[in-house]
Amino acid sequence: MAGSTRTVRVDLGERSYDVLVGHGTRSELAALLPSTARRAAIVTQDGIPLTVDPGIPCEVFTIGRGEEHKSLATIERLCDGFAAMGLTRNDVIIGVGGGMVTDVAGFAAASWHRGIAVVHVSTTLVGMVDAAIGGKTGVNLAAGKNLVGAFWQPSGVICDLDALSTLAPREMRCGLGEMAKYHFLTGDDLLAMELVDRVARCVQIKADIVGADEREGGRRALLNYGHTLAHALEITSEFSLAHGEAVAIGLVYAAHLARALGRIDDARVAQHYAVVGGGYELDTALPAVDPERVIDLMGHDKKALEGLTFVLDGPTGVEVVPGVDPAVVLEALTAMAER
Ligand code: GLY
C-alpha cells in the first residue's frame, strides 16, 4: 500500500467499495479491479496529469474537454469503441480524470451491456471530495446539465493527491469551494487537518450520507448546501463563474438566508465568512446580479420541488427547507450585497 494512504468505505451492502486517498495511490489500481476483468477500457482526457497501469490489457478512450462533450454523442462513441474492442460484461471501465470524466465514464459503464464495473481515478479536488464518490453519473442535454444519467456506483475510487500539484489555481479553488461545504455539514475543524486527512474526512462525510440515502430521497440533498444560489449564479454569469467559485458564494448566501429566517445568529454567519473567505481564501462577494432573475432561477432549480427550496443551517444543523418566502430570499440577497 502507498505510504500514508487513508481508506474510506462507502457502505452500500453488496455494492460497498473503498476509496483510497493519498499520494501515489494510483499504484493500487490493479487491486481494486474486479477479479473477473480480463480487459479494461480507460476513459480519460488529454492533459490529465496521471497515467495508470491496470495490470491487464487495456485500450484508452479520450473524450473532449468542455461541457459540450459531456453528451450522449460521447457515450455513443465510447460504446462503439467498447464494441470494437469486445469489452465484455466481466470487464471493467476505468475513468481517469475530473468530474466530467468520471460522470461520463460512469454513465457509459451503467449503459454498456446494461451495466459493467467502473473504477474511478480522480485527478481533481472536486472529483475527490464529490463527483467521483456516490454513483451519480450522467451527461448534458441542450435543455440542461446532467439531465440524463443513472445512479451507478463504482467498484472502487482512487484519490491520488499527486495529481493536485499540477492543478490550475482556478480548478483548485473550485475544489476548495466544495470542500468548504463539508465544514458546515459536521462540526469538524477540517482546516486543522493536513490535506490527506481533510480529503479523506470529506469523502467519509459524503460516504456516510450516500450510505444512508443513495438515491437522494432525503439526506443526500444536504450535499447541495450552497448550491441553490450557486446554480443561479453560474447561469447568470453564463458560466464565467465556475461551479466551485459559485458554491463558495452560495455557502455564504445560505448563511445570510438562515440568519434572515432567524435560524442562526450573526456569529454563525461570521463563521461562514471565516471558513470560506478566511480559511480557503475564496471570493465571497455577491456579484452584481438582477435579484428578480436570480430568485426566478432558484425557483426553477431542479432540486426545488416545493417553491424556493434551500439547504440551510439551523439550531439542529443543516437541513432542507422548502417553501422559503421570496421576500426573505430578497432580503438576504440585499444583506449580503450591502455587507
Ligand atoms: N454532488 C452531490 C451528490 O453527489 O449528491
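Take the residues in the stretch 107-121 that are surrounded by fewer than 24 Cβ atoms within 10 Å (Cβ to Cβ) and not hydroxyl-bearing (Ser, Thr, Tyr); name whichever of them is farthest from residue 207 (Cα to Cα). Step through it out loud before you land on a result.
Quick first cut of the stretch 107-121, residues surrounded by fewer than 24 Cβ atoms within 10 Å (Cβ to Cβ) only: 110-115, 117.
Narrowing the set further to residues that are not hydroxyl-bearing (Ser, Thr, Tyr) leaves 110, 112-115, 117.
Numbers: 110: 20, 112: 26, 113: 27, 114: 25, 115: 22, 117: 19 Å.
Among those that are surrounded by fewer than 24 Cβ atoms within 10 Å (Cβ to Cβ) and not hydroxyl-bearing (Ser, Thr, Tyr), it is 113.
Against the condition away from the ligand (no atom under 14 Å from the Cβ), out of contact with any Cys (no Cβ under 8 Å at 6 or more places or on another chain), assigned to a helix (DSSP H, G or I) and closer than 20 Å to residue 132 by Cβ, how does residue 196 come out, does it pass?
yes
Return a yes/no flag: does the stretch 146-159 have any residue that is out of contact with any helix residue (DSSP H, G or I) (no Cβ under 6 Å at 6 or more places or on another chain), modelled with pLDDT under 95 and either over 25 Å from residue 281 (Cβ atoms) or among the polar types (S, T, N, Q) (or both).
Yes.
Give the residue that is surrounded by the most Cβ atoms within 10 Å (Cβ to Cβ), with candidates limited to residues of the stretch 157-178 that are part of a helix (DSSP H, G or I) and acidic (Asp, Glu).
It comes out as 178.
So which residues in the stretch 179-193 are exposed (fewer than 15 other Cβ atoms within 10 Å of the Cβ) and either part of a helix (DSSP H, G or I) or at pLDDT below 95 (or both), if there are any at all?
Result: 187, 189, 191, 192.
Of the residues that sit in the stretch 122-156 and are within 12 Å of the ligand (Cβ to nearest atom) and part of a loop (DSSP other than H, G, I, E, B), which one is surrounded by the most Cβ atoms within 10 Å (Cβ to Cβ)?
Per the stated criteria, the residue is 132.
Filter the stretch 206-218 for residues that are near the ligand (Cβ under 10 Å from one of its atoms) and buried (at least 17 other Cβ atoms within 10 Å of the Cβ) and give the result.
206, 209, 210, 214, 216
What's the number of the only condition in (1) without any contact (Cβ under 8 Å) to a residue 12 or more places away in the chain; (2) over 28 Å from residue 127 (Cα atoms); (3) not in a loop (DSSP other than H, G, I, E, B) that residue 334 fails to meet?
(1)
Within the stretch 79-94, count every residue that is surrounded by 15 or more Cβ atoms within 10 Å (Cβ to Cβ) and farther than 13 Å from residue 40 by Cβ.
Matching residues across the stretch 79-94 total 1.
List every residue pair whose Cβ atoms lie under 9 Å apart, where the two residues are 6 or more positions apart in sequence or sit on different chains, the first residue falls within the stretch 257-278 and is under 17 Å from residue 316 (Cα atoms), and the second residue, located anywhere, is assigned to a loop (DSSP other than H, G, I, E, B) and of a type in the set (Gly, Ala, Ser).
What qualifies is 258/314; 261/314; 263/314; 264/314.
Give the number of residues within the stretch 208-238 that are over 14 Å from the mean Cα position of the chain (by Cα), touching a residue at least 24 places away in the same chain (Cβ under 8 Å) and under 13 Å from residue 298 (Cα atoms).
Residues that pass the stated criteria total 6.
Being in contact with an Asp or Glu (Cβ under 6 Å, 6 or more places away or on another chain) and either surrounded by fewer than 16 Cβ atoms within 10 Å (Cβ to Cβ) or modelled with pLDDT of 95 or more (or both): is that true of residue 100 here?
It is false that residue 100 is in contact with an Asp or Glu (Cβ under 6 Å, 6 or more places away or on another chain) and either surrounded by fewer than 16 Cβ atoms within 10 Å (Cβ to Cβ) or modelled with pLDDT of 95 or more (or both).
Could you figure out which of (1) over 17 Å from the mean Cα position of the chain (by Cα); (2) within 16 Å of the ligand (Cβ to nearest atom); (3) among the charged types (D, E, K, R) isn't true of residue 89?
Only one criterion is unmet by residue 89, namely (2).
Answer yes or no: is there a residue in the stretch 157-165 that is in contact with a His (Cβ under 6 Å, 6 or more places away or on another chain), within 16 Å of the ligand (Cβ to nearest atom) and closer than 27 Å to residue 77 by Cα.
Scanning the stretch 157-165, I find at least one residue that is in contact with a His (Cβ under 6 Å, 6 or more places away or on another chain), within 16 Å of the ligand (Cβ to nearest atom) and closer than 27 Å to residue 77 by Cα, so the answer is yes.
Just one of (1) surrounded by fewer than 23 Cβ atoms within 10 Å (Cβ to Cβ); (2) of a type in the set (Gly, Ala, Ser); (3) within 15 Å of the ligand (Cβ to nearest atom) trips up residue 277, so point out which.
Every listed condition holds for residue 277 apart from (3).
Only one of these conditions is not met by residue 105: (1) part of a strand (DSSP E or B); (2) closer than 25 Å to residue 55 by Cα. Which number is it?
Failing condition for residue 105: (1).
The values are calculated or read from the model by the stated rules, or taken from the named source; none is laboratory data. Remember, predicted model here, so these are calculated numbers, not experimental data. All Cβ positions, glycine included, derive from the backbone under ideal geometry; neighbour counts span all protein chains shown.
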